[in-house]
Structure formats: structure tokens, C-alpha cells
1. Can you pull out the helices (runs of 4 or more DSSP H) entirely within region 47-160 that have at least 3 residues that are closer than 25 Å to residue 239 by Cα?
2. Quick one: in region 96-115, of everything that is over 13 Å from the mean Cα position of the chain (by Cα) and crowded, with 23+ Cβ neighbours inside 10 Å, which residue is nearest to residue 172 (Cα to Cα)?
3. Among the residues that make up region 87-95, is at least one of them surrounded by 23 or more Cβ atoms within 10 Å (Cβ to Cβ) and touching a residue at least 24 places away in the same chain (Cβ under 8 Å)?
4. Would you check which residues across region 157-184 are buried (at least 20 other Cβ atoms within 10 Å of the Cβ), closer than 18 Å to residue 135 by Cβ and out of contact with any helix residue (DSSP H, G or I) (no Cβ under 7 Å at 6 or more places or on another chain) and list them?
5. Is there a residue being modelled with pLDDT under 95, assigned to a helix (DSSP H, G or I) and not acidic (Asp, Glu) anywhere in region 165-173?
6. Kindly indicate whether residue 178 is outside any strand (DSSP E or B), touching a Pro at 6+ places or on another chain (Cβ under 8 Å) and either of a type outside the set (A, V, I, L, M) or on the phi > 0 side of the Ramachandran plot (or both).
7. Out of (1) at pLDDT 95 or above; (2) under 30 Å from residue 167 (Cβ atoms), what's the single condition that is false for residue 29?
Amino acid sequence: MGAVLQYRGMIRSYIIHMDSSTARRGLVDGLMARLPGAEVLPAVDGRVMDDASRTAITAMTPHDPAYPFPLKPGEIGCFLSHRKAWAAIVASGDAAGLIVEDDIAPTDGFDAALALALDHIAPNRLIRFPLRDKEEVAEVVATADGVRLFRPRVIGLTTGMQIVGREAAARLLDLTDTLDRPVDTFLQMRWLHGVEVVSLTPAPVRSAVAETGGSTIQSHTSAWAEISRGWRRMRYRSRVARLSGDKT
């Protein structure tokens, strides 16, 4: 904990939280106490948007590769919540901001990872705090106290916690007036948005979803539908990997 105290005045933390998610209030309180300059950012609930509003926000020509699934209401709300956080970073005038979802809990190595990340903030950089060590390392950027900051060959999924530079936040906002895929899959597309995305290892945070009543993005499908989704997901990820290889 002491290693992070020196950074309290450097950065603000935006905790995306839906007021109705009362089971997560304990996690939010813990994050408020742990993170520098923390404040709660009310989440957008895509499930309460009317059909016309959801259609308007997703009415666009898909980027390449086209995302193979329709956006769920929860995915729309999640993306719009991150856009609120990016807008807050831009409006703050700060060099960067830390964005965290309310179902995330730090691991034992979190303080060292945060210290390394804060030492390497850059205007057009997004630093990922992954939930698992699944990304292949393309290039190591920096190391300290057993933590590595690296450029992944293919950017991983999930958006539980990340530091976003102000220029990166502005760029991401400009490109997302309308949406064609979930926020984590959009952030994979560095060939489109041009933001430098780097990650930390070992994974400095974990998901606490199971402890707080499950995800707010729910779906129930048949076995055959899941097989079909798996095939389309595999084709999509293969295309992302090829494009990522061109830009590594």
C-alpha cells in the first residue's frame, strides 16, 4: 500500500458503478479506499434504454473485421460507461485517468503494478491491468519489482481496469459516436484507433463477479447456438490476430 501513496495526487480513478448493483457496494468501498483520487462514475444501464436509442447508437457501417454478433443491451451500456470515463479524463485536464469496473479486486501484486504503470503514463497510451496472464509478449517496455509492462502481440479482452492517457481518451471518444462491437473488442483494434496499448504481468487484478451476484451482461442460448457462436468467434479472433500481427 505504501508504494502507491506517493501517487495519490497524480491521477484520478473513475469507478464505473451502477447504483442498482448493491451487492457490489463493498467492492466499490474497497476500491475507493485503495485507488488514488477515486470517485464513483455512474454506469449507463443499456437495459433501460429504449429500442430507438439503442438502434441509433449502433447504426453504423461495421469496421473490418465485422463483429459477428449483435450487441446486447448490457454491452451497449458497458461501452457507453467507458465513454463517460474517457470524457471525464479529457474534461479533467489530467495527463491520464484510471478506469475500473466495480467487480474488480486487486491481487497481492497490485501496488507494484500500479506504481510501474504510473511511472510510464504517456498521452496516447492505454495501460491494461489484465485479469489473467494470457497475452503473448511482443516487446517488454519496462520492469520493476517483479512486474513487467509489455506490448502484447494481440491485445487481450476484458476492461476491468486500465490507465488511459488524455490524448488516447480523446481519440477513442472521437471514434465511438456510434458502436459496432463491445468495448474490449474495439480496443483490440489498434490498427483502427492508433492508441498504444500495453499490458502488465503478472495479472494485478482479479474478477470478483462470482462473489457479487454475477455479471450484468447475461445471455441464455441453446447448445447449438453456442456451437455456432464458437465457430464465428474463432473466425473473428483469427482475423483480429492477423491484423494485429501486421501492426505489432
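1. Values: elements: 51-57, 73-92, 110-119.
Filter on region 47-160 gives 73-92.
2. Here is the first cut: in region 96-115, the ones over 13 Å from the mean Cα position of the chain (by Cα) are 96, 105-115.
Restricting the remaining residues to those that are crowded, with 23+ Cβ neighbours inside 10 Å gives 96, 110, 113-114.
Numbers: 96: 13, 110: 26, 113: 24, 114: 22 Å.
Across region 96-115, the extreme among qualifying residues is 96.
3. Keep residues of region 87-95 that are surrounded by 23 or more Cβ atoms within 10 Å (Cβ to Cβ), which gives 89.
Right, trim to touching a residue at least 24 places away in the same chain (Cβ under 8 Å) and you get 89.
So far as region 87-95 goes, yes, one or more of its residues are surrounded by 23 or more Cβ atoms within 10 Å (Cβ to Cβ) and touching a residue at least 24 places away in the same chain (Cβ under 8 Å).
4. Within region 157-184, 160, 161, 162 meet the criteria.
5. Taking region 165-173 and keeping what is modelled with pLDDT under 95, we get none.
Among the residues of region 165-173, not one is modelled with pLDDT under 95, assigned to a helix (DSSP H, G or I) and not acidic (Asp, Glu), which makes the answer no.
6. On the way: outside any strand (DSSP E or B): yes; touching a Pro at 6+ places or on another chain (Cβ under 8 Å): no; either of a type outside the set (A, V, I, L, M) or on the phi > 0 side of the Ramachandran plot (or both): yes.
Against the criterion (outside any strand (DSSP E or B), touching a Pro at 6+ places or on another chain (Cβ under 8 Å) and either of a type outside the set (A, V, I, L, M) or on the phi > 0 side of the Ramachandran plot (or both)), residue 178 does not qualify.
7. Exception for residue 29: condition (2).
Residue-by-condition table, conditions (1) farther than 21 Å from residue 157 by Cβ; (2) surrounded by 15 or more Cβ atoms within 10 Å (Cβ to Cβ); (3) free of Cβ contacts under 8 Å to residues at least 24 places away in the same chain:
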{"site": "33", "(1), (2), (3)": "yes, no, yes"}
{"site": "38", "(1), (2), (3)": "yes, yes, no"}
{"site": "43", "(1), (2), (3)": "no, yes, no"}
{"site": "49", "(1), (2), (3)": "yes, yes, no"}
{"site": "65", "(1), (2), (3)": "no, yes, no"}
{"site": "72", "(1), (2), (3)": "no, yes, no"}
{"site": "79", "(1), (2), (3)": "no, yes, no"}
{"site": "82", "(1), (2), (3)": "no, yes, no"}
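The values are calculated or read from the model by the stated rules, or taken from the named source; none is laboratory data. These numbers were taken from a predicted model, which means no experiment stands behind them. Counting neighbours? That spans all protein chains shown, and the Cβs are built from the backbone with ideal geometry, glycine included.
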